[in-house]
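S.K.: Here it is, the structure in full.
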Amino acid sequence: TFDEGPALVLFYKYLLVLQGDAEYALHFNPEDALSPSQRKYAEVQLQLFLNWWEQWPGREGEL
């Protein structure tokens, strides 16, 4: 999981990159990177969230 440390920052930065914010792909320490399995996990979780968000009635203020 990504509950603490640099991996948490890398996780959120990777989510931003997946959403099109390429400037977040660079890191202060070039050797810092998520593992392939961590990247895949982030991709799957983002897609699950986006699918949920599309279906959520409150998204458009329709509560």
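The values are calculated or read from the model by the stated rules, or taken from the named source; none is laboratory data. Keep in mind the model is a prediction, meaning the values are calculated, not measured. Glycine also receives a Cβ, built like all others from the backbone with ideal geometry; neighbour counts cover every protein chain displayed.
S.K.: Condition (residue is surrounded by 13 or more Cβ atoms within 10 Å (Cβ to Cβ) and assigned to a loop (DSSP other than H, G, I, E, B)) applied to the stretch 5-12: is it met by at least one residue?
M.R.: no
S.K.: Quick check on my filter: what residues within the stretch 15-63 are aromatic (F, W, Y) and assigned to a helix (DSSP H, G or I)?
M.R.: Listed by number, the residues that qualify are Y24, Y41, F49, W52, W53.
S.K.: Does the stretch 17-31 contain any residue that is among the aromatic types (F, W, Y) and surrounded by 14 or more Cβ atoms within 10 Å (Cβ to Cβ)?
M.R.: Yes, that holds for at least one residue.
S.K.: Could you tell me which residue of the stretch 32-63 is surrounded by the most Cβ atoms within 10 Å (Cβ to Cβ), considering only residues that are modelled with pLDDT of 95 or more and touching a helix residue (DSSP H, G or I) at 6+ places or on another chain (Cβ under 6 Å)?
M.R.: Among them, the one singled out is A42.
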